[in-house]
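A.B. asks: Below is the structure I would like to discuss, written out as structure tokens.
The values are calculated or read from the model by the stated rules, or taken from the named source; none is laboratory data. Not measured: the values here are computed from a predicted model. Glycine also receives a Cβ, built like all others from the backbone with ideal geometry; neighbour counts cover every protein chain displayed. Each accessible area value is taken on the protein alone, full model and side chains, heavy atoms only, with ligands, DNA and RNA left out. Shrake-Rupley method; radii C 1.70, N 1.55, O 1.52, S 1.80 Å.
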Amino acid sequence: MGRPTTKADLMTAGTNNYKKLNVLVSGLTEKELSTVFDFANDEKKKEAHWKRDKNLRDIFIHLYEWHQLLLNWVYANQKKDEKPFIPKPYNWKTYGDMNVEFWKKHQNTSLEEAKEMVEESHNKVLSLAETFSNEELFSKGVYKWVGGSTLGSYFVSVTASHYDWAMKKLKAHIKNCKEK
């Protein structure tokens, strides 16, 4: 399935990718869970997140915090409290710094807590998506606060697409563990 462009596809992709992520996580070995992520030897992995996240907890926290961004953004704007998706002082050029702050904020969060947090926030995001019609989610110009995109594209980004990102990172980590 390509990137979802309907409510039905969003709900299916968000649900299915989350299930796939959890299946992948449930199959992690003790070695894979205890080995620190290290992608320094892979020249193709230059983006900051390859250095930032050190373990499964960090991935869960990243997903959780992006769920929170979406939830807080939608709820605020529904109450006519216009807020950007990326909160100040950050913007789309500096959101990497925001991600580092999320990472720092949760260094004392346990893996179990992170797993519970992301499970709860995933459910809240999909429940919120359910409250919108297909047109509200995937027609441009419905909500001024969304800008030139669609509301649904934000939901896709923080669910299905982000779960793909997480699985890609975990699979690279699993491969590294097997090579060591």
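A.B. asks: Provide a single number: the residues in the stretch 137-149 that are open to solvent by less than 60 Å² (accessible area, probe 1.4 Å) and free of Cβ contacts under 8 Å to residues at least 60 places away in the same chain.
C.D. replies: 4
A.B. asks: Given the structure, is Leu137 of a type in the set (A, V, I, L, M), within 14 Å of the chain's Cα centre (by Cα) and assigned to a helix (DSSP H, G or I)?
C.D. replies: Criteria not met by Leu137.
A.B. asks: Being among the charged types (D, E, K, R) and within 17 Å of Asp164 (Cα to Cα) is the filter here; which residues of the stretch 35-87 pass it?
C.D. replies: Of everything in the stretch 35-87, those that are among the charged types (D, E, K, R) and within 17 Å of Asp164 (Cα to Cα) turn out to be Lys45, Glu47, Asp53, Arg57, Asp58, Glu65.
A.B. asks: Same structure again: Please go through the stretch 8-23 and pick out each residue that is surrounded by 15 or more Cβ atoms within 10 Å (Cβ to Cβ) and of a type in the set (A, V, I, L, M, F, W, C).
C.D. replies: Matches in the stretch 8-23: Leu10, Met11, Ala13, Leu21.
A.B. asks: While we're looking at this one, here's another question. Enumerate the pairs (first residue in the stretch 1-26 and farther than 22 Å from Ala172 by Cα and acidic (Asp, Glu); second residue anywhere and open to solvent by 20 Å² or more (accessible area, probe 1.4 Å) and outside any helix (DSSP H, G or I)) with beta-carbon separation below 9 Å, excluding pairs fewer than 6 apart on the same chain, so at least 6 apart or on different chains.
C.D. replies: From residues that are farther than 22 Å from Ala172 by Cα and acidic (Asp, Glu), the pairs are Asp9/Met1; Asp9/Gly2; Asp9/Arg3.
A.B. asks: For the stretch 13-28, what are the residues that are in a helix (DSSP H, G or I) and either under 15 Å from Ser161 (Cβ atoms) or small (Gly, Ala, Ser) (or both)?
C.D. replies: Scanning the stretch 13-28 gives Ala13, Gly14, Thr15, Asn16, Asn17, Tyr18, Lys20, Leu21, Ser26.
A.B. asks: Based on this model, can you work out whether Trp103 counts as under 22 Å from Lys169 (Cα atoms), part of a helix (DSSP H, G or I), modelled with pLDDT under 95 and of a type outside the set (Asp, Glu)?
C.D. replies: Spelling it out, it is not the case that Trp103 is under 22 Å from Lys169 (Cα atoms), part of a helix (DSSP H, G or I), modelled with pLDDT under 95 and of a type outside the set (Asp, Glu).
A.B. asks: Filter the stretch 32-80 for residues that are touching a residue at least 60 places away in the same chain (Cβ under 8 Å) and open to solvent by 70 Å² or more (accessible area, probe 1.4 Å) and give the result.
C.D. replies: Scanning the stretch 32-80 gives a single hit, Asp38.
Conditions tested, residue by residue: (1) more than 25 Å from Val36 (Cβ to Cβ); (2) touching a residue at least 40 places away in the same chain (Cβ under 8 Å); (3) open to solvent by 40 Å² or more (accessible area, probe 1.4 Å).
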{"position": "Glu82", "(1), (2), (3)": "yes, yes, yes"}
{"position": "Phe85", "(1), (2), (3)": "yes, yes, no"}
{"position": "Trp103", "(1), (2), (3)": "no, yes, yes"}
{"position": "Glu120", "(1), (2), (3)": "yes, no, yes"}
{"position": "Leu128", "(1), (2), (3)": "yes, yes, no"}
{"position": "Leu151", "(1), (2), (3)": "yes, yes, no"}
{"position": "Thr159", "(1), (2), (3)": "yes, yes, no"}
{"position": "Ala172", "(1), (2), (3)": "no, yes, no"}
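A.B. asks: Restricting to the stretch 29-74, name every residue that is part of a helix (DSSP H, G or I), under 15 Å from Asn176 (Cβ atoms) and aromatic (Phe, Trp, Tyr).
C.D. replies: Once the filter is applied, which keeps residues that are part of a helix (DSSP H, G or I), under 15 Å from Asn176 (Cβ atoms) and aromatic (Phe, Trp, Tyr), the stretch 29-74 yields only Trp50.
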